[in-house]
Amino acid sequence: MKIKEVDSDVLFPTPLWIVDYEDFESVNRTILDEMDKVDWDAEHQRHKLESLVDHRHREDTFITVELVPSAKVILDAFGSSCAQIGQELGWDMEHNDIRVEEMWAHITPPGKNTQTHDHAGAHLSCTYYVRAPKACGNLRFVEDRKHRFSEPAGSVIGMQKEVAAKEGRMVIFPAWVSHYVDENRSGETRVSLSFNASLVPNGTPK
């Protein structure tokens, strides 16, 4: 049989939202100043994390707006974006609220990276870059959906999407998407904030 035409399409692509702000400098500077005053050893102990900051490189250190007050600007921006995304995705926003449930800091020195992981249990996650020097390590998303039973070697299961680290940039993504961060090859510390948000029924206690 002679082929007349072949068409190809992408089946159910995964959404990704990248928001670049233009008036971020003063907010970022204040966040950095406030973070410099945090007793990170105490925070690690309070959350029962390893106390060696150099080993943990301060990943997964949960913070609050009481600890870093200026982070509320970023938290509110993420919450506003989540509301718009919920509308865009057709979520039931009449009977549910989008609640930002977690906020944590990444203070990553040169030579460190973040291993592949996801934020399953939440609905939306994001990273916001406070300090992102050149070659500090980009964010990479991995196509490894857990429902796949088998895939031939070299198939789309290995596809990745790279998003450049950039100060004033917020990257929002479905929380189930696996991702990791490249090694920080700059001579400076990379600083970012991360958040998780979930869709919860109206009136759900905090």
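Say whether the condition of being basic (Lys, Arg) and either at pLDDT below 75 or open to solvent by less than 70 Å² (accessible area, probe 1.4 Å) (or both) is met by at least one residue in region 53-60.
Of the residues in region 53-60, the ones basic (Lys, Arg) are 56, 58.
Narrowing further to those that are either at pLDDT below 75 or open to solvent by less than 70 Å² (accessible area, probe 1.4 Å) (or both): 56, 58.
Within region 53-60, one or more residues are basic (Lys, Arg) and either at pLDDT below 75 or open to solvent by less than 70 Å² (accessible area, probe 1.4 Å) (or both).
Does region 70-101 hold any residues that are open to solvent by 70 Å² or more (accessible area, probe 1.4 Å) and within 30 Å of Gly187 (Cα to Cα), and which are they?
If the condition is that a residue be open to solvent by 70 Å² or more (accessible area, probe 1.4 Å) and within 30 Å of Gly187 (Cα to Cα), then Lys72, Val73 are the ones that fit.
For region 1-22, enumerate the residues that are in contact (Cβ under 8 Å) with a residue 24 or more places away in the chain and either more than 30 Å from Trp176 (Cα to Cα) or touching a strand residue (DSSP E or B) at 6+ places or on another chain (Cβ under 8 Å) (or both). Even if it seems obvious, please write down each step before you answer.
Step one: of region 1-22, the residues in contact (Cβ under 8 Å) with a residue 24 or more places away in the chain are 14-22.
Within region 1-22, Thr14, Pro15, Leu16, Trp17, Ile18, Val19, Asp20, Tyr21 meet the criteria.
Would you mind telling me which numbered condition in (1) at pLDDT 95 or above; (2) within 18 Å of Glu183 (Cα to Cα); (3) outside any loop (DSSP other than H, G, I, E, B) Lys134 fails?
Just one mismatch for Lys134, condition (3).
Got a sec? Which of Ser155, Ser194 is open to solvent by less than 10 Å² (accessible area, probe 1.4 Å) and either modelled with pLDDT under 95 or within 24 Å of Gln84 (Cα to Cα) (or both)?
Matching residue, one of Ser155, Ser194: Ser194.
Being more than 22 Å from Glu167 (Cα to Cα) and either open to solvent by 50 Å² or more (accessible area, probe 1.4 Å) or not aliphatic (A, V, I, L, M) (or both), is that true of even one residue in region 123-132?
So in region 123-132, the residues more than 22 Å from Glu167 (Cα to Cα) come out as 123.
Of the ones still in play, those that are also either open to solvent by 50 Å² or more (accessible area, probe 1.4 Å) or not aliphatic (A, V, I, L, M) (or both) are 123.
Yes: region 123-132 contains one or more residues that are more than 22 Å from Glu167 (Cα to Cα) and either open to solvent by 50 Å² or more (accessible area, probe 1.4 Å) or not aliphatic (A, V, I, L, M) (or both).
The values are calculated or read from the model by the stated rules, or taken from the named source; none is laboratory data. The model shown is predicted, which means the values in this text are computed figures rather than measured ones. For neighbour counting, all protein chains shown are included, and Cβ atoms are generated from backbone atoms with ideal geometry for every residue, glycine included. Calculation scope for accessible area: heavy atoms of the full protein, side chains included, ligands and nucleic acids excluded. Shrake-Rupley method; radii C 1.70, N 1.55, O 1.52, S 1.80 Å.
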